[in-house]
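The values are calculated or read from the model by the stated rules, or taken from the named source; none is laboratory data. Bear in mind the structure is a predicted one, so any value in this text is a computation, not a measurement. Glycine also receives a Cβ, built like all others from the backbone with ideal geometry; neighbour counts cover every protein chain displayed.
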Amino acid sequence: MTQKIKCAIIGPGNIGTDLIYKLKRSPVLDPVWMVGIDPTSEGLVRARAMGLKTTDQGVDGLLPHVLADGVQIAFDATSAYVHKANSDKLNALGVLMVDLTPAAIGGLCVPPVNLATHAKAQAMNVNMISCAGQATIPMVNAVSRVQPVGYAEIIATVSSKSIGPGTRANLDEFTYTTSSAVCAVGGSRTGKALVIINPADPPMIMRNTIYCLTDDEPDQERIRASVLEMVKEVQKYVPGYRLVNGPVFDGKKVATFMEVAGLGDYLPTYAGNLDIMTAAAALTAEMFATEILAGRYQLTAVKEAA
Amino acid sequence: MSELKNLKGRKVLVHDMALRDGMHAKREQISTAQMIAVATALDEAGVPLIQVSHGAGLGGNSLQHGFAMHSNEEYWDAVVPKMKRARISALLIPGLGTMKELQSAYDHGVRSVHVATHCTEADTSPQHIAYARKLGMDATGFLMMAHLNDAKGLAEQGKLMESYGAQTIYITDSAGYMLPSDVIERVRALRAVLKPETEIGFHGHHNLGMGIANSIAAIEEGASRIDASVGGLGAGAGNTPLEVFIAVCERMGIDTGCDLFKLMDLTQDIIFPMMDHIVRVDRSSLTLGFAGVYSTFLLHADRAGKKYGLPARDILVELGRKKMIGGQEDMIEDTALTMAKERGLLKDKAA
């Protein structure tokens with residue numbers, strides 16, 4: 001049997017639970033711990049049923065077991081406000097953090113755009129931005145790698161049932177982090193992110209619209225080819241990522257209309273927003289795991305910030 | 001409907017929407033000079049609250065919602081210093097507007113805010129309502145597309161917003177779909193669960209011609225704040241026309257403190273000449289009201305219809321069928337593209 005890197009998941013909500021499914025399928029990752037704060041949480045019960053060890057004492061409940069159980073990668077699916085503390089405690093034990101909150105204290109990662117640069121960085125914290133960011137930034141980059149984009153705007157619509165209480169209560173952090181990543185990773189000079197939560201029943205599938213304003217007349221042929229190529233890259237880890245309409249050219253405005261269907265692991269397929277986040281995080285962690293297993297990535301204990 | 005109750009002496013706080021909701025009807029193209037002219041005339045006529053911002057509120061300037069002639073800050077800086085009595089308000093839709101923009105609104109003199117969510121998503125507003133209260137603003141929880149939640153559900157959502165600090169809960173008929181009986185049951189349900197000091201408001205659209213009747217029905221059941229728009233300048237067939245509402249209030253003895261004749265003059269002399277199209281119940285806006293579609297979609301659907309050779313009415317009906325809500329303006333072109341493909345109208349265009 002090939003060796004796997006042991007992982008802990010913090011936060012047994014929608015994202016944390018879906019992540020268990022993704023990690024269990026990985027050839028190089030093995031989810032062993034689920035961390036919660038509520039002993040009555042359904043998520044912890046479900047994680048136990050799926051064979052994970054659990055604690056309801058938060059990250060502090062995990063710390064005594066990190067070394068004994070050989071946990072080397074942790075996924076944080078809690079909230080931006082507690083992420084820094086979680087990360088500091090685990091980094092101090094040499095655990096690499098993959099952050100699924102909008103805290104964005106580590107480098108921003110959208111796998112088909114910049115995963116390779118993170119492999120070289122030897123960082124101990126990497127941030128996955130947001131589901132909206134994962135679904136739209138590849139398209140911004142598909143245009144900006146052809147020609148300069150002065151402004152990009154993304155609109156993500158997600159079904160009400162797929163958005164948990166953490167995201168709802170902190171919507172501003174979600175929009176701030178996504179907007180800044182549209183520029184930093186997508187490659188536009190300025191950017192804006194809008195999110196809409198739609199309660200339609202049956203739930204609607206995740207939809208995303210990406211507008212880019214190019215500095216000069218858009219090179220339609222090259223942009224169309226670049227968009228189609230990027231769609232294929234994302235489909236490698238999210239098969240339900242689909243171009244519905246576009247690219248549509250209107251002067252210097254380039255519009256693409258996407259749909260994201262999930263694999264239906266934890267929530268049904270409408271919740272593509274869940275999948276694109278967890279699949280991107282798993283892919284990122286797999287890259288780190290492969291590097292660790294090959295002896296190319298040194299996990300170093302980071303002193304806890306005072 | 002039962003016999004009209006005697007509303008003589010009831011006090012109602014009216015809130016004008018022409019310089020915010022009306023921005024939709026003007027494709028966000030209102031000059032600061034026009035803003036000042038309308039706002040000072042409203043102030044002069046005794047209207048106590050005037051909303052001034054991009055049609056989509058804070059953070060509204062975007063490809064999705066259009067770019068206004070000026071930033072919100074430029075509009076507030078033009079209007080706020082001219083007000084003798086009226087307070088200026090703004091709209092904040094979480095997911096679009098943020099607390100940074102709310103702080104800026106406050107810094108530029110805005111003292112009241114509608115924090116708006118879809119009628120089932122109140123729990124996306126706690127940060128913004130709490131922040132408005134922290135700033136000392138008059139904070140309203142604004143439940144949009146209220147016809148899409150039943151009375152009990154809407155009351156639960158209103159209770160949530162009250163728990164975040166909202167001092168008024170609005171029933172917002174964004175699609176102009178509601179009938180007086182729909183309004184009555186929702187106001188009753190809210191009144192039954194809210195604290196006595198929490199006010200109830202109603203924001204109407206005139207797509208079925210029910211703006212005034214619905215507002216009066218809301219007042220009968222205990223609403224004390226009414227949104228209206230002078231000259232009816234607003235999205236869809238416009239908001240409840242303010243001057244007509246005030247005339248009805250005068251007849252019924254409802255106390256609004258507004259001067260009817262001054263509002264009539266403002267409508268006739270300033271608002272009507274400002275309109276790019278006559279804001280009224282027409283084929284498209286009636287479709288909104290009949291199909292329960294977000295009023296702001298009107299001009300977007302007209303544009304997409306022209307671009308792809310489709311009747312706007314067909315697009316609006318399809319948007320209603322797909323249960324699109326406020327903020328999903330991007331889905332109008334997407335829906336039009338998909339419909340055009342299905343109808344074989346996109347032969348030579350790769351899409």
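Of the residues B:120, B:124, the single one that is within 9 Å of chain A (Cβ to nearest Cβ), β-branched (Val, Ile, Thr) and in contact with a helix residue (DSSP H, G or I) (Cβ under 6 Å, 6 or more places away or on another chain) is B:124. For residue B:62, the conditions (1) in contact with a strand residue (DSSP E or B) (Cβ under 6 Å, 6 or more places away or on another chain); (2) surrounded by 21 or more Cβ atoms within 10 Å (Cβ to Cβ) are fulfilled apart from (2). Does residue A:138 satisfy the condition of being closer than 24 Å to residue A:267 by Cβ and either buried (at least 21 other Cβ atoms within 10 Å of the Cβ) or within 9 Å of chain B (Cβ to nearest Cβ) (or both)? Considered against the rule, which asks whether it is closer than 24 Å to residue A:267 by Cβ and either buried (at least 21 other Cβ atoms within 10 Å of the Cβ) or within 9 Å of chain B (Cβ to nearest Cβ) (or both), residue A:138 comes out as yes.
Here residue A:26 clears all of (1) in contact with a strand residue (DSSP E or B) (Cβ under 8 Å, 6 or more places away or on another chain); (2) modelled with pLDDT of 95 or more; (3) of a type in the set (S, T, N, Q); (4) not in a strand (DSSP E or B) except the condition numbered (1). Tell me yes or no: at least one residue of segment B:78-85 is crowded, with 23+ Cβ neighbours inside 10 Å and free of Cβ contacts under 8 Å to residues at least 60 places away in the same chain. Taking every residue of segment B:78-85 in turn, none turns out to be crowded, with 23+ Cβ neighbours inside 10 Å and free of Cβ contacts under 8 Å to residues at least 60 places away in the same chain. If you go through segment B:256-279 and keep only what is surrounded by 14 or more Cβ atoms within 10 Å (Cβ to Cβ) and under 29 Å from residue B:319 (Cβ atoms), you end up with B:271, B:274, B:275, B:279.
Residues in segment B:57-77 that are within 12 Å of another protein chain (Cβ to nearest Cβ), out of contact with any Ser or Thr (no Cβ under 8 Å at 6 or more places or on another chain) and hydrophobic (A, V, I, L, M, F, W, C): B:63, B:67.
Take residue A:51 and tell me if it is at positive phi, out of contact with any Gly (no Cβ under 8 Å at 6 or more places or on another chain) and at pLDDT 95 or above. Judged against the criteria, residue A:51 is a match. Just one of the listed residues (B:153, B:165, B:176, B:231) is of a type outside the set (Ser, Thr, Tyr), surrounded by fewer than 20 Cβ atoms within 10 Å (Cβ to Cβ) and on the phi > 0 side of the Ramachandran plot, and it is B:165. Residues of segment A:192-227 that are touching a helix residue (DSSP H, G or I) at 6+ places or on another chain (Cβ under 6 Å), more than 11 Å from chain B (Cβ to nearest Cβ) and part of a strand (DSSP E or B): A:206 alone.
In summary, residue B:126 fulfils each of the numbered conditions (1) over 29 Å from residue B:275 (Cβ atoms); (2) in contact with an Asp or Glu (Cβ under 9 Å, 6 or more places away or on another chain); (3) in contact (Cβ under 8 Å) with a residue 24 or more places away in the chain with the single exception of condition (2).
Taken over segment A:231-245, the residue count meeting the criterion of being surrounded by fewer than 23 Cβ atoms within 10 Å (Cβ to Cβ) and not in a loop (DSSP other than H, G, I, E, B) is 8.
Take the conditions (1) more than 30 Å from residue B:103 (Cα to Cα); (2) buried (at least 19 other Cβ atoms within 10 Å of the Cβ); residue A:133 misses just one of them, which is (1). Which of the following residues is hydrophobic (A, V, I, L, M, F, W, C), in a helix (DSSP H, G or I) and under 18 Å from residue A:256 (Cβ atoms): A:152, A:181, A:156? It is A:181.
Residue A:74 fulfils the conditions (1) in a strand (DSSP E or B); (2) in contact with a Gly (Cβ under 6 Å, 6 or more places away or on another chain); (3) not polar (S, T, N, Q) except for a single criterion, (2).
Residue count for segment B:311-342 satisfying the condition of being more than 14 Å from chain A (Cβ to nearest Cβ) and either outside any helix (DSSP H, G or I) or under 20 Å from the mean Cα position of the chain (by Cα) (or both): 2.
Under the condition of being of a type in the set (D, E, K, R) and more than 11 Å from every other protein chain (Cβ to nearest Cβ), the residues counted in segment A:170-191 number 1.
Here's the yes/no breakdown for (1) touching a Phe, Trp or Tyr at 6+ places or on another chain (Cβ under 8 Å); (2) closer than 22 Å to residue A:283 by Cα; (3) among the aromatic types (Phe, Trp, Tyr):
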position: A:76; (1), (2), (3): no, yes, no
position: A:89; (1), (2), (3): no, no, no
position: A:100; (1), (2), (3): yes, yes, no
position: A:104; (1), (2), (3): no, yes, no
position: A:117; (1), (2), (3): no, yes, no
position: A:128; (1), (2), (3): no, yes, no
position: A:131; (1), (2), (3): no, yes, no
position: A:162; (1), (2), (3): yes, yes, no
position: A:166; (1), (2), (3): no, no, no
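Considered as a group, the residues in segment B:191-215 that are hydrophobic (A, V, I, L, M, F, W, C) and closer than 21 Å to residue B:290 by Cα include one that is surrounded by the most Cβ atoms within 10 Å (Cβ to Cβ), and that residue is B:202. Looking at this structure, is residue B:11 surrounded by fewer than 24 Cβ atoms within 10 Å (Cβ to Cβ) and modelled with pLDDT under 95? No: the conditions fail for residue B:11.
Here's the yes/no breakdown for (1) farther than 19 Å from residue B:288 by Cα; (2) without any contact (Cβ under 8 Å) to a residue 60 or more places away in the chain; (3) in contact with a Pro (Cβ under 7 Å, 6 or more places away or on another chain):
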| site | (1), (2), (3) |
| --- | --- |
| B:180 | no, no, no |
| B:186 | yes, yes, no |
| B:192 | yes, yes, no |
| B:196 | yes, yes, no |
| B:200 | yes, yes, no |
| B:205 | no, no, no |
| B:209 | no, no, no |
| B:220 | yes, no, no |
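Residue pairs whose Cβ atoms lie under 9 Å apart, sitting 6 or more positions apart in sequence or on different chains, and linking a residue in segment A:43-54 that is free of Cβ contacts under 8 Å to residues at least 24 places away in the same chain and loosely packed, with under 14 Cβ neighbours inside 10 Å to a partner that is assigned to a helix (DSSP H, G or I) and not hydrophobic (A, V, I, L, M, F, W, C), are A:51/A:24. Output yes when any residue across segment A:291-299 is among the basic types (Lys, Arg) and buried (at least 24 other Cβ atoms within 10 Å of the Cβ), and no when none is. Checked against the condition, which is being among the basic types (Lys, Arg) and buried (at least 24 other Cβ atoms within 10 Å of the Cβ), segment A:291-299 yields no hits at all. Count, please, the residues in segment B:80-117 that happen to be within 14 Å of chain A (Cβ to nearest Cβ), within 13 Å of the chain's Cα centre (by Cα) and hydroxyl-bearing (Ser, Thr, Tyr). Residues that pass the stated criteria total 1. You will find that of B:245, B:272, B:297, the residue that is within 14 Å of another protein chain (Cβ to nearest Cβ) and hydrophobic (A, V, I, L, M, F, W, C) is B:297 and no other.
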